[in-house]
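Read through the structure below, which is laid out as structure tokens, and then see the notes.
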Amino acid sequence: MAQGPAILIGYDYRVRLEADVAVFAEGASFIAQVRLKPSSPDVAAVLSSTTGEIERVSDTSIDLHIPATSTNGMAPGSVVLDVVRDDLNPPLHLGFSLKIPVQLPVTRGLS
């Protein structure tokens, strides 16, 4: 499990994921569920290439975006996510997951 930069509660979160091999094919669609831990029944956010939270950059990289409306409901600690290619039948798990720290920012309540 890889670890990314921290999510700040109430703020947009963006991160670029880069792979060593071509796993993000042109024309493919992707989906990810963000949860407190893999066994959690509740989904904190759904990211999709269809709705723009997952954006393909190249065959080896994608950008993930978790909007502030989703991070606002998170608690300090961490969340996990993985990415699935959902345009195939059956869908293809890309074989990696992220554990991302979640922090309460000092500057907040600006909206």
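Coordinate-derived values only; no laboratory data. This structure is a prediction, so every number in the text was calculated from the model and none was measured. Using ideal geometry, Cβ is built from the backbone for each residue, glycine included, and neighbour counts are taken over all protein chains shown.
Tabulated data for the structure shown
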item: Modelled FRET efficiency - R0 25 Å, Asn89 with Thr60, Cβ distances, 0.05 increments; result: 0.55
item: Residues whose placed amide H lies under 5 Å from that of Ala45, excluding near-sequence neighbours; result: Val34
item: Relative contact order (%) - criterion: Cα under 8 Å, at least six apart; region: the stretch 2-103; result: 38 percent
item: The stretch 51-111, relative contact order [Cα under 8 Å, separation at least 6], %; result: 25 percent
item: Cα gyration tensor of the chain - equivalent ellipsoid semi-axes, whole Å, descending; result: 25, 14, 13
item: Net charge contributed by nearby residues that have their C-beta within less than 13 Å of Val34 (K/R +1, D/E -1); result: 0
item: Net charge contributed by nearby residues that have their C-beta within less than 12 Å of Arg16 (K/R +1, D/E -1); result: -1
item: Segment Arg35-Thr107, length gained on full extension (0.36 nm per residue, minus Cα span); result: 23.4 nm
item: Largest-first principal axis extents, alpha carbons of the stretch 24-76, Å; result: 34, 23, 17
item: ³J(HN,Hα) computed for each position of the stretch 33-49 - Karplus, 6.51 cos²θ - 1.76 cosθ + 1.60, integer Hz, glycine/proline x; result: 10, 9, 9, 5, 7, x, 8, 5, x, 8, 9, 6, 6, 10, 10, 9, 6
